[in-house]
1. If you consider only alpha-carbon coordinates, what radius of gyration and Dmax does segment 191-241 have, in Å?
2. Over all alpha-carbon pairs in segment 84-205, figure out the percentage whose distance exceeds 26 Å.
3. Which of 179, 100 comes first, and how do the rest follow, when ranked by fewest Cβ neighbours within 10 Å?
4. For the residues 13, 80, 233, what sequence is obtained by ranking on other C-beta atoms within 10 Å, fewest first?
5. If you split all Cα-Cα distances of the chain into 10 Å bins from zero, what percentages do you get per bin, shortest first?
6. At 0.36 nm per residue, and after removing the present C-alpha to C-alpha distance, how many nm does the segment from residue 176 to residue 206 gain when stretched out fully?
7. Students often get this wrong: which residues of segment 43-71 have the backbone nitrogen under 18 Å from the point 7 angstrom along Cα-to-C-beta of residue 83?
8. For residue 75 and residue 116, compute 0.36 nm times the residue count separating them, minus their Cα-Cα distance, and round to one decimal in nm.
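Read the figures in this text as sums done on the coordinates, not as results from a lab. None of these values were measured; they are calculated from a predicted model. All Cβ positions, glycine included, derive from the backbone under ideal geometry; neighbour counts span all protein chains shown.
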Ligand SMILES: O=C(O)CCC(=O)C(=O)O
């Protein structure tokens with residue numbers, strides 16, 4: 001795999017963001033925006049523990065998505081936020097892997113009570129005039145937590161709140177080199193572990209072209225819809241992301257060669 005760094009931009013205007021990144025289907029790391037969010041100073045494992053320690057949340061049995069999608073750990077369990085934070089902070093994560101509090105919707109009716117309080121702490125810029133289908137999720141994980149390479153039929157803003165997370169992004173047309181498989185109607189995911197690829201089984205992965213960014217607190221990564229992406233926590237991390245579903249994406253999804261190729265393989 002070869003990679004280049006993802007471009008960075010400081011506080012773009014709506015026009016600049018739309019013209020240089022959305023229209024050109026190009027990822028970017030936005031700085032100078034989330035740094036001022038109260039979340040970046042308030043949301044630390046210990047403060048979340050004191051604010052919401054008793055709240056019970058669904059967590060994945062494994063924080064390695066390769067286990068979730070290609071292994072045997074698909075189960076979800078429930079745990080209090082205090083116990084979850086203790087588990088990721090006390091575990092020797094070199095030899096044991098903890099649970100993963102990932103992809104927790106803050107906009108679901110169940111989380112509404114807490115969301116009203118949390119939403120005062122962040123404010124994603126209005127880079128899209130239409131905001132339909134806007135969905136906000138929180139992700140908290142231990143060092144070495146990893147996702148699979150997958151894509152989403154939404155534009156995505158992923159903000160780093162605490163710790164450091166590494167993102168690899170691959171353009172939609174790199175699909176063949178990633179050996180993606182259908183998980184459900186919305187999710188296509190790759191069995192290749194980009195940190196330890198098995199090139200005997202997945203030889204084309206050696207020719208894949210990726211973009212790479214290390215997100216620090218206050219960075220917001222824009223992942224255009226359908227771009228393949230993978231996340232790896234370098235430290236304990238807290239991220240918040242917002243998915244945006246637009247009319248334009250709907251049209252692309254219906255016509256995109258990746259989608260028609262996916263359908264013919266399904
Ligand atoms: O952080 C992760 O584990 C995955 C994040 C992700 O896939 C996303 O923001 O779409």
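1. 13.4, 39
2. Details: 2671 of 7381 pairs.
Percent of Cα pairs beyond 26 Å in segment 84-205: 36.
3. The order, fewest Cβ neighbours first, is 179, 100.
4. The fewest-first ordering by Cβ neighbours comes to 13, 80, 233.
5. It works out to 6, 30, 37, 22, 4, 0, in whole percents.
6. My answer for the length gained is 9.6 nm.
7. 49-63
8. So the chain would gain 11.9 nm between residue 75 and residue 116.
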